[in-house]
Amino acid sequence: MNTFLWVIFPYLAIAVLIGGTVWRYRYDKFGWTTRSSQLYESNYLRWGSPMFHFGVLFVLIGHVIGLLIPKSWTEAVGITEHAYHLMAVFVGTVAGLCTLIGMAILILRRRLTGPVFAATTKNDKAMYVVLAGVILCGLWATVRANIAGDGYDYRETVSPWLRSLFYFQPDAELMAAVPATFKIHIIAAFVLFAFWPFTRLVHAFSAPVGYLTRPYVVYRYRDTRGGLRPDRPGWEGPPRAPASRR
């Protein structure tokens, strides 16, 4: 079971993430969208969407720094373990709460706004459950280990284990002494990765690069200001050719 959870299962989740994303892009380009519902309701969206997206962004940055950058590197640039611990706990907790509150607002919006709720699929509901589970497990692990407990340095165990997956030399023994709350959070995260390509979350892999080179969109409209030719009711034929061309 230890080998399955910390060696086989992560590789399966990553394979499904990569393969599912390629499949989705190749066979479901028209479904590669967030299915925006801003047209139906914008008041809740104005508050919930920025909190959720900025919260996720800071959570992602924190995970990249904490999991992929070795501890010796941060200490080499003068960041002590105590300073890193305080910054990680404070920023991580605030970012996680913002993400959770933003998602709660978005879920409430979907439930209270009729057209938005009607456009919500079973896939969306399952995605919200999995995503909320990952966020709640992460917050619970942080609070229990670092605020309610004596603290836990995951960069001594979880970080080297995760990096060993990318080296293709997985070391499952590093996860043996990891607290259960962190283990549950990690398993839930890999479940989310495997589920990711088949949900609207796939839009996170999109970037509006084409906007930089696309031609301008020309909008033409009828100006109602005075001084222009008044509109004629009914059918109006094509303009006549100039006399010189007759």
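Values for this structure:
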quantity	calculated
Computed over the chain: relative contact order in percent, which uses C-alpha pairs under 8 Å that are six or more apart	31 percent
Rg to Rh, two decimals, where the chain supplies the alpha carbon set and Rh follows Kirkwood	1.18
Loop-located chymotrypsin sites (Phe, Trp or Tyr not before Pro) in the stretch 133-209 whose Cβ has at most 14 other Cβ within 10 Å (DSSP)	TYR167, PHE168
Under-5 Å amide H pairs with TRP32, H placed in peptide plane, nonlocal only	none
Estimated FRET transfer efficiency (ASN2, LEU136; beta-carbon r; R0 25 Å; 0.05)	0.50
Computed FRET value (nearest 0.05) for ARG35 with ALA15, which takes r as the C-beta separation and R₀ as 30 Å	0.65
Accessible area (Å², 1.4 Å probe, nearest 10) - SER36	90 Å²
Carbon and sulfur %, accessible surface of the stretch 83-136 computed with the full protein complex present, 1.4 Å	82 percent
Most fluctuating residue given options GLY66, GLY210, GLY78, as computed from a GNM of the chain linking Cα atoms under 10 Å	GLY210
Gaussian network model of the chain, springs between alpha carbon atoms under 10 Å - residue of VAL191, VAL56, VAL209 with greatest fluctuation	VAL209
Largest to smallest accessible area among GLU173, GLU41, GLU156 [probe 1.4 Å]	GLU173, GLU156, GLU41
Above-threshold pairs, the threshold being 32 Å between Cα atoms, out of LYS29/LYS125; LYS71/LYS125; LYS122/LYS183; LYS71/LYS183	LYS71/LYS125
Karplus 3J(HN,Hα) series, Hz, for the stretch 85-100 with 6.51 cos²θ - 1.76 cosθ + 1.60 (x for Gly, Pro)	4, 4, 5, 5, 5, 5, 5, x, 5, 5, 5, x, 5, 4, 4, 5
In order through the stretch 15-27: 3J(HN,Hα) via Karplus (6.51 cos²θ - 1.76 cosθ + 1.60), integer Hz, x for Gly, Pro	5, 5, 4, 6, x, x, 5, 4, 4, 5, 5, 7, 10
Solvent exposure ordering (accessible area, 1.4 Å, most first) of LYS183, LYS122, LYS29	LYS122, LYS29, LYS183
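The values are calculated or read from the model by the stated rules, or taken from the named source; none is laboratory data. The structure presented is a predicted model; accordingly, all values stated were derived computationally and were not measured. Glycine also receives a Cβ, built like all others from the backbone with ideal geometry; neighbour counts cover every protein chain displayed. What goes into the accessible areas is simple: the full protein's heavy atoms, side chains included, and nothing from ligands, DNA or RNA. Shrake-Rupley method; radii C 1.70, N 1.55, O 1.52, S 1.80 Å.
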